[in-house]
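Notes for the one structure printed next.
The values are calculated or read from the model by the stated rules, or taken from the named source; none is laboratory data. Just so you know, these numbers come straight off a predicted model, no measurement behind them. Cβ placement follows ideal geometry from the backbone for every residue including glycine, while neighbour counts extend to all protein chains displayed.
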């Protein structure tokens, strides 16, 4: 229980500064709070490895900064990869494979199902590649993909068994 009080005190003392920094770096208050929460959890999980407990604030703020930078780099890399992929594979008369109807249906899927479906069909990743990216087993990817496709078919009012609409 003493450890819980210590963590609660660290949170009370430092998370508002981390959220403010996150908001400044992301340009969005809610995103800043999310980054601060994630960074706090990451730092607390490594609290025992921190040599000087008094340096927790700077450790937390560095973690917020690194998280925002890493997320930004990852998003940029994904946008560039997507741009290269769509530019290289798109025929002039080809229609956009992601219709508004499909996008709405995808948004309604749970994150893990949405990730599995997108990785398998939009990125054309294998089950193994998807499993590695999601840090789960290939069987989990199969299950998530199957449930996600079933939910998409139901949402879009189709009983097609082929994946030509995705």
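A few points about this structure:
- Of all residues in the range 133-152, those satisfying the criterion of being more than 14 Å from the chain's Cα centre (by Cα) and surrounded by fewer than 18 Cβ atoms within 10 Å (Cβ to Cβ) are 136, 137, 138, 139, 140, 142, 143, 146, 147, 150.
- Among (1) part of a helix (DSSP H, G or I); (2) modelled with pLDDT under 90; (3) surrounded by fewer than 15 Cβ atoms within 10 Å (Cβ to Cβ), the one test that residue 155 misses: (3)
- Whichever residue in the range 51-68 is under 18 Å from residue 13 (Cβ atoms) and surrounded by fewer than 16 Cβ atoms within 10 Å (Cβ to Cβ) and, among such residues, is nearest to the chain's Cα centre (by Cα): 62
- Flag if residue 35 is modelled with pLDDT under 90 and in the same structural domain as residue 74 (by TED's automatic domain parsing): no
- Checking residue 125 against (1) part of a helix (DSSP H, G or I); (2) touching a helix residue (DSSP H, G or I) at 6+ places or on another chain (Cβ under 8 Å), the condition it does not meet: (1)
- Among the candidates 48, 22, residue that is over 17 Å from the mean Cα position of the chain (by Cα) and either at pLDDT below 90 or farther than 20 Å from residue 71 by Cα (or both): 48
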